[in-house]
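Step one of this worksheet: look at the structure below.
The values are calculated or read from the model by the stated rules, or taken from the named source; none is laboratory data. What you see is a predicted model; the values in this text were computed from it and never measured. Note that each Cβ is placed from the backbone with ideal geometry, even for glycine, and that neighbours are counted across all protein chains shown. Accessible surface is based on the protein model in full, side chains and every heavy atom, while ligands, DNA and RNA are left aside. Shrake-Rupley method; radii C 1.70, N 1.55, O 1.52, S 1.80 Å.
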Amino acid sequence: MTAAHPLRSRLNALATGLLFGLLQWGSFFVLQSYLSSTALVWLLASLVWLAGSLWGLTGHFGRLSERTWLALSLGAYVGLGQFARAFPYDLALLPVLLGLLAVMGIYAGRFFRLRPARGPAGAKWLFFLENTGFVAGLLATVFGLFSLGEGWLLAAPAGTTVLCWLTLPLAPPAPAEE
């Protein structure tokens, strides 16, 4: 967490975890509803998200800002929903949909790579807050979808992306090697 604005950094970690939960579980519901409700699709989606996260942790993507990655993640999520709804049950689209999921996962990995969690306490707080937000996003996806309808699957991630945008660290973090 950044020392200059610890509350802002903590709020951003919580909001970003919420966003990841909404994106991941919203994507799972869309895939299960419009593509195939098989365990294989869910497992492939989980694997691709994790692979994207690993790539985000280790890959080099130039100097794209965190705001750009937030926009790319939301755009990938919206694209996934649009493609899945436009071509229901078309398994030929699976590689495209999984590619969009990978983009969301890349931002998840980049989030952890770019966050300066100084010292053991900083890392604990970062993981605690992001994970708490993720669980809240998972629950919000389920309860929002079943109580407010399918519109929630777009409204919640869009609103949370704005919250993440507004709480980003004031000094943009960047790894030294990029």
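Which value in Å does the Kirkwood hydrodynamic radius of the range 67-170 take, with 1/r averaged over all unlike C-alpha pairs and then inverted? Display every interim value, and only then the final one.
Details: mean 1/r = 0.0653 Å⁻¹.
Mean inverse Cα-Cα distance, inverted, gives 15.3 Å.
Ignoring ligands, DNA and RNA, please state the percent of accessible area on the chain from carbon and sulfur, probe 1.4 Å.
So the carbon and sulfur contribution to the accessible surface is 75 percent.
What residue among Leu11, Leu40, Leu114 has the largest mean-square fluctuation in a Gaussian network model of the chain, using Cα springs under 10 Å?
Maximum fluctuation in the GNM of the chain, among the listed residues, is at Leu40.
Could you rank Ser65, Ser147, Ser36 by how accessible they are, 1.4 Å probe, largest area first?
Putting Ser65, Ser147, Ser36 in descending order of accessible area: Ser147, Ser65, Ser36.
Taking only Cα atoms, what is the 0 to 90° angle, nearest 10, from helix 119-148's long axis to the longest principal axis of the chain?
30
Helix-only estimate, please: 222 nm mean residue ellipticity of the chain, summing -39500 (n - 2.57) across DSSP H runs of length 4 or more and dividing by its residues, to the nearest 500.
Working: 6 runs with 136 residues, N = 178.
That comes out to -27000 deg cm²/dmol.
For the chain, with a Gaussian network of springs between Cα atoms less than 10 Å apart, report the residue from Gly137, Gly149, Gly81 with the top mean-square fluctuation.
Gly149
Which whole-number value in Å² is the accessible area per residue of the chain, probe 1.4 Å?
On the way: 8710 Å² over 178 residues.
Normalised by residue count, the accessible surface of the chain is 49 Å².
How high is the relative contact order of the chain? Use alpha-carbon pairs under 8 Å, at least six apart in sequence, and give a whole percent.
Answer for the chain is 45 percent.
Over the heavy atoms of Thr58, what accessible area does a 1.4 Å probe trace out, to the nearest 10 Å²?
Using a 1.4 Å probe on the heavy atoms, I get roughly 90 Å².
Hand me the trypsin sites (Lys or Arg not before Pro) from the range 36-120 located in a DSSP loop with no more than 13 other Cβ atoms within 10 Å, in residue order please.
Arg118
For the chain, set up a Gaussian network in which alpha carbons nearer than 10 Å are linked by springs, and say which option among Leu44, Leu100, Leu22 fluctuates the most.
The residue that fluctuates most here is Leu44.
By how many degrees, between 0 and 90 and to the nearest 10, does the Cα long axis of helix 39-58 differ from the longest principal axis of the chain?
Approximately 30 degrees, to the nearest 10.
What percent does the relative contact order of the range 1-105 come to when contacts are Cα pairs within less than 8 Å and at least six residues apart?
Reported as a whole number, the value is 37 percent.
Amide H of Phe61: which non-local residues (sequence gap of 5 or more, or other chain) have their own amide H closer than 5 Å, using H built in the peptide plane?
Residues meeting the criterion, in which the H sits 1.01 Å from N, do not exist here.
³J(HN,Hα) across the range 98-109 via Karplus (A = 6.51, B = -1.76, C = 1.60, θ = phi - 60°), whole Hz, x for Gly/Pro?
In residue order, the calculated couplings are 5, x, 5, 4, 4, 4, 4, x, 4, 5, 4, x Hz.
Using only C-alpha positions, report the orientation-averaged shadow area of the convex hull of the chain, nm², one decimal.
Mean projected area of the Cα convex hull: 9.8 nm².
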